[in-house]
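K.L.:
Once you've had a glance at the structure underneath, I'll fire off some questions.
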Amino acid sequence: MRCRRHNSVYNARIRNMPSRSPRLFFLWLLPLLITIFAAASSWQGPSTQLADKIAAATGPGAVSLTLTNRSSLSRGAVDEIHRNLSSELSAVGLRFVGADQAAATINVTLSENPRDYVWTGEIQQGNNESSVVMVTVPKAQMDMSQEQSTAMTVHKTFVWSDENRILDFAFFGGSPQHMMVLEPESVIFLRLDNEQWRKEQSLTIVHARPWPRDLRGRLVPRKDRLFDAYLPGVYCLSNKPDAIDCHPSDDPWPLSSDATPMSGFFSATRNFFTGVLSPGVQKETTTAPFYAAAALPRDKYTLWLFSGVDGKVRMVDGITEQVAARLGWGSDVASIHTGCGAGWQVLATGPTGGRSDTVSALEVPDREIMAASQPVDFKGTITALWSDSEGNSAIAVAQDPDSGNYEAYRLTVTCSQ
C-alpha cells in the first residue's frame, strides 16, 4: 500500500557480499579494481584511508562524527569528503548517533600545508586519553584529479512537484508541449501553458494486489501507441489520453533507451530486477539481481553496467563479466548520449546519507570507471533515475525532506570548455 511520506530505501548499499567469481579471476582483476576504486571519486581514496584508521581505533559501535574545514577546499569538495567518510565508516560497522549516546566521539579536521592537504581525526572514548589519526593528500595529485573530473557538467532542470510519489515521467507532443507522469495509482497528463504545467487528464491504474513497500515504475512513450507503463506485477498501455488498459503481467521492463533495447524481469514483490534479461547481452541472459542498469554502446558491442543488490557493479559485454565493489555509488544508474568524451556516459547517484543525494557523470574507457563531472546536489533522497527513450537526457525524482513532496527533474550533460 502507498505511504506518501515514506522515504525509499533502495538506494542503500549492501557491502561485503561474497563473489561468485573464481579466485584466479580476482587475482587477474585486482589491478583493475585498484584503479577503479581510486578513480570512482576524487576524494574516495583518502576518505577510505582515514575511515580505516578511525575504525581501527574505535572498533564497531555507536559514534558521533563532526567535520571542520580549515583548508582552502571548496564547499562541494568538503561535502563530498563528508559523504565518503560517513559511507566508509558505516560500511565497517560504525553507527552514527548523537554525542550524548555515542561510545566514541570523532572530530575530523581538514587543514593544509604548502604541499599537502592534512586530515586529522581526534577520537575520544569515555574517559580514556584521546587518540589522533592522520592522512596526508598531495595537493598536486588531487588538483589534477579535480581537473579531470570536471570535463563535463551535469545540469538539472526542475519540471514538476507533487505530493504523490512520482515514479517516472516523459514528454510528448509538439506545441504546446505535453507531459505524462506515472504515479502509484494513476497516469497524469499535463499541458505546458505560459511556462506552467496544468493538469488535463488522469487515468486510474487498476491493480488487484497492494503495491510493494518501495514502489518503482517505468513509463515509456511508444511510436505505435501513446505509452506503456510498468509496475510490479502490472502492465498498462494506452492508445489515447482518455483510456488505459492495465492487467497482471510479469513482462520484462525496458532497461535503457531505444538506442540500446534490452529488458529485465522485475520482482513483483520487491524493488529490484531479478537478473534475468531479455534478450540478453549477446549470449549472456542472466546476471546477479540488480537495482538499475546503464548501457554504453561501443563500435562492435554494448557494455552494460548493472548496479547489484549486493553493492557491486558488474560490467558485462557478452563475453566477460567484471565485478567491482566499494565504488561509492548509490543504487541508481542511467546512461546518456552526450557526444562528450567517449560519446556515452553513466549518470550515477551518490551514496545515500543524511538529507541530500547527488548525481555525477562517469566515463568508462576500457573498463576503468572515472569521474567526468562534479556531483550535482539534490535536496532529499533520489527515488528514481531513468534514461529517457531517446537517450539524450535522463529523469530524476527526489523527495523533499521538509515538505515530503516528490520533485521531478530533467538531467542533461554538456562538455566543459
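K.L.:
Classify the stretch 369-416: rounded, prolate or oblate, from the alpha-carbon gyration tensor (a ≥ b ≥ c, eigenvalue square roots; a/c under 1.5 rounded; otherwise prolate if a/b is larger than b/c)?
P.N.:
Oblate, since a/c reaches 1.5 and b/c is not below a/b.
K.L.:
Taking amide hydrogens as modeled 1.01 Å from N in the peptide plane, which residues meet the under 5 Å criterion relative to ASP388, leaving out close sequence neighbours?
P.N.:
Under 5 Å from the amide H of ASP388: SER393, ALA394, ILE395.
K.L.:
Quick one: order CYS236, CYS415 by neighbouring beta-carbon count within 10 Å, fewest to most.
P.N.:
CYS415, CYS236
K.L.:
Return the loop-located chymotrypsin sites (Phe, Trp or Tyr not before Pro) in the stretch 261-341 (DSSP other than H, G, I, E, B) with at most 15 other Cβ atoms within 10 Å of their own Cβ; answer none if there are none.
P.N.:
The qualifying sites are TYR301.
K.L.:
Can you tell me the FRET efficiency between PHE265 and ASP400 if r is taken as the Cβ-Cβ distance and R0 is 35 Å, rounded to the nearest 0.05?
P.N.:
So the FRET efficiency works out to roughly 0.60.
K.L.:
A follow-up question, please. Based on the mean of other beta carbon atoms within 10 Å per residue, what is the order of 391-404, 206-219, most packed first?
P.N.:
With the highest mean Cβ count within 10 Å placed first, the list reads 391-404, 206-219.
K.L.:
Beta carbons within 10 angstrom, averaged per residue: use that to sort the peptides 380-388, 121-129, 358-366, highest first.
P.N.:
Put in order of decreasing packing, that is 380-388, 358-366, 121-129.
K.L.:
Let me know the whole percent of all Cα-Cα pairs from the stretch 266-358 that are separated by more than 22 Å.
P.N.:
That fraction is 30 percent.
K.L.:
Using the Karplus equation 6.51 cos²θ - 1.76 cosθ + 1.60 (θ = phi - 60°), what ³J(HN,Hα) coupling, rounded to whole Hz, does each residue of the stretch 154-163 give in order, writing x for Gly and Pro?
P.N.:
3J(HN,Hα) across the stretch 154-163, in whole Hz: 8, 10, 10, 10, 5, 10, 7, 10, 8, 6.
K.L.:
In nm, give the distance between the simple-model label positions of VAL97 and GLU200, each being 7 Å from the Cα along the Cα-to-Cβ direction.
P.N.:
Placing both labels 7 Å along Cα→Cβ, they lie 5.6 nm apart.
K.L.:
Something else about it: Extending each Cα 7 Å along its Cβ direction at LEU192 and VAL78, get the distance between those two points in nm, one decimal.
P.N.:
3.8 nm
K.L.:
Gain in length, THR412 to GLU368, computed as 0.36 nm per residue apart minus the alpha-carbon separation, to one decimal in nm?
P.N.:
Length difference between fully extended and current span is 13.6 nm.
K.L.:
For PHE172, enumerate residues with amide H under 5 Å from its amide H, sequence gap 5+ or separate chain, H modeled in the peptide plane.
P.N.:
HIS178, MET179, MET180
K.L.:
If each residue of separation counts as 0.36 nm, what is the full-extension length gain between ASP224 and MET134 once their alpha-carbon separation is subtracted?
P.N.:
26.3 nm is the gain from fully extending ASP224 to MET134.
K.L.:
Please list, short to long, the whole-number percent of alpha-carbon pairs of the stretch 326-417 in consecutive 5 angstrom bins beginning at zero.
P.N.:
Result, from short to long distances: 3, 14, 26, 24, 18, 10, 4, 1, 0 percent.
K.L.:
Between rounded, prolate and oblate, where does the stretch 231-282 land on the alpha carbon gyration tensor, with a ≥ b ≥ c its root eigenvalues, rounded for a/c under 1.5, else prolate if a/b exceeds b/c?
P.N.:
Oblate is the answer for the stretch 231-282, as a/c is 1.5 or above yet b/c matches or exceeds a/b.
K.L.:
For the residue pair GLU112 and THR320, what label-to-label distance in nm results when each label sits 7 Å from Cα along the Cα-to-beta-carbon direction?
P.N.:
Once both label points are built, they end up 3.9 nm from each other.
K.L.:
Now, a different point. Sort the stretch 43-148 into rounded, prolate or oblate with this rule: let a ≥ b ≥ c be the square roots of the eigenvalues of the Cα gyration tensor; rounded if a/c is under 1.5, and if a/c is not under 1.5, prolate when a/b is larger than b/c, oblate otherwise.
P.N.:
Since a/c reaches 1.5 and a/b is larger than b/c, the shape of the stretch 43-148 is classed as prolate.
K.L.:
Taking amide hydrogens as modeled 1.01 Å from N in the peptide plane, which residues meet the under 5 Å criterion relative to ARG213, leaving out close sequence neighbours?
P.N.:
Answer set, sorted by chain and number: none.
Here, each number is a calculation from the coordinates, and none is a lab measurement. Just so it is clear, the structure is predicted and the values come from calculations on it, not from any experiment. In this analysis, Cβ positions are derived from the backbone assuming ideal geometry, glycine residues included, and neighbour counts consider all displayed protein chains.
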